[in-house]
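**Q** Before we start, here is the structure in question, set down as structure tokens.
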Amino acid sequence: MTALIIVGVDGSAPGTAAVEWAADDAFRMGAELKIVHVLDRWPYNITRFPVPDQEDLLLKGASRVLEAAEATARARQPTVEVSTRLIEGVPAAVLQEQGQGQGVSELVIGNRGLGGFAGAVLGSVTMQVAGQAHCPVVVVRAEPQGRQGEIVVGVDDSDACDPALGYAFEQARLRGAMLRAIYAWQLPVHAFAPEISYDLDEVRAAGREIVTRRLAEWRAKHPEVTLIEDVQNAHPVNALTSAACDLIVVGSHGRSAIGSLFLGSVSRGVLHHARGTVAVVRSQKS
């Protein structure tokens, strides 16, 4: 079965950037590209101020969004098979459902849509989709990024990070890029027990052992990928977002049952503070 990449569009600049990113990735994967626009009528249903011919106006606007996105994708990667679909509903819910379809390799969205507040770092739809979709979710920003030839992935001492590692190794392989695996640690602060101390060399050695053990299986599967093991004494969000790279890959270990907060604190922090593209790969155990 041919792989499928889905990209959500809304006519915004980040949405256009997402189409370009998705088209490039579809070309690399040999995947089909499906462009989805969700028509949400709720904001326009103001009974005291009805809009004449609202049905036709909204449908025409939605069609223009899809036509522009399709033209962008075809211009970017002419050999990629492209299809479009207009769906009515709540954007986050529809995109999550689309991401659960058979054969979906990833879901690509912009970091902020037309409905976001000016100056907002991350849109609400983006947060919900990244936190709840089962497939990898790639969040793209409108600002152009120069090619660095490096992928960054976060590593921790849990099996839940394995899906993110698998995705990162595959992205590095497809791009011919180096892969930097970052394990970041911070010593706990004992405000009421300052006499507690740690052997920093021992802590660093333990971190290196975790990274080596966690990466051993993936290194064996992808010997063609140049791998850098990077153990840092830093906050994980700072360590991941300060790296110059083409893509940051994070897992999501959050287990909150409240709205979009299935995202763990690190993945949520990276989405908010990263300057480039971020892929959130959620463990099915979360």
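The values are calculated or read from the model by the stated rules, or taken from the named source; none is laboratory data. Just so we're clear, the structure is a prediction, and the values are computed from it rather than from any experiment. Cβ sites come from the backbone with ideal geometry, for glycine too, and all protein chains shown count toward neighbours. Side chains are part of the model used for accessible areas, which takes the heavy atoms of the whole protein and leaves out ligands, DNA and RNA. Shrake-Rupley method; radii C 1.70, N 1.55, O 1.52, S 1.80 Å.
**Q** What is the extension gain from ALA3 to GLU88, computed as 0.36 nm multiplied by their sequence separation minus the C-alpha to C-alpha distance, in nm to one decimal? Walk me through the numbers before you get to the answer.
**A** Values: separation 85, 0.36 × 85 = 30.60 nm, distance 2.47 nm.
Working it through step by step, the gained length comes to 28.1 nm.
**Q** Give me the net charge for the shell around THR2: Cβ to Cβ below 9 angstrom, other residues only, Lys and Arg +1, Asp and Glu -1. Show your work: numbers first, answer last.
**A** Values: positive: none; negative: GLU32, GLU81.
The answer is -2.
**Q** With a Förster radius of 51 Å, plug the Cβ-Cβ distance of GLU224 and ARG41 into 1/(1 + (r/R0)^6) and report the FRET value to the nearest 0.05.
**A** 0.55
**Q** Given labels modelled 7 Å from the Cα in the Cβ direction, how far is it in nm from ALA244 to GLN148?
**A** Each label point is offset 7 Å from its Cα along the Cβ direction, giving 0.9 nm.
**Q** Now, a different point. Can you give me the distance in nm between label points at LEU59 and GLN186, each placed 7 Å from the Cα along the Cα-to-Cβ direction?
**A** 5.4
**Q** Continuing with this model, one more query. Leaving out ligands, DNA and RNA, what percent of the accessible area of the range 197-252 is carbon and sulfur, probe 1.4 Å? Mind dumping the intermediate values first?
**A** Details: 1500 of 2960 Å².
Of all accessible area on the range 197-252, carbon and sulfur atoms account for 51 percent.
**Q** Given a 1.4 Å probe and heavy atoms of the protein chains only, how would you sort ARG173, ARG214, largest accessible area at the top? If you can, show how the numbers build up before the last one.
**A** Numbers: ARG173 105, ARG214 30 Å².
Descending order: ARG173, ARG214.
**Q** Also: What's the FRET efficiency of GLU209 with HIS134 using the Cβ-Cβ distance as r and R₀ = 30 Å, to the nearest 0.05? Mind dumping the intermediate values first?
**A** Numbers: r = 32 Å, r/R0 = 1.06.
Step by step, r from the Cβ atoms, then E = 0.40.
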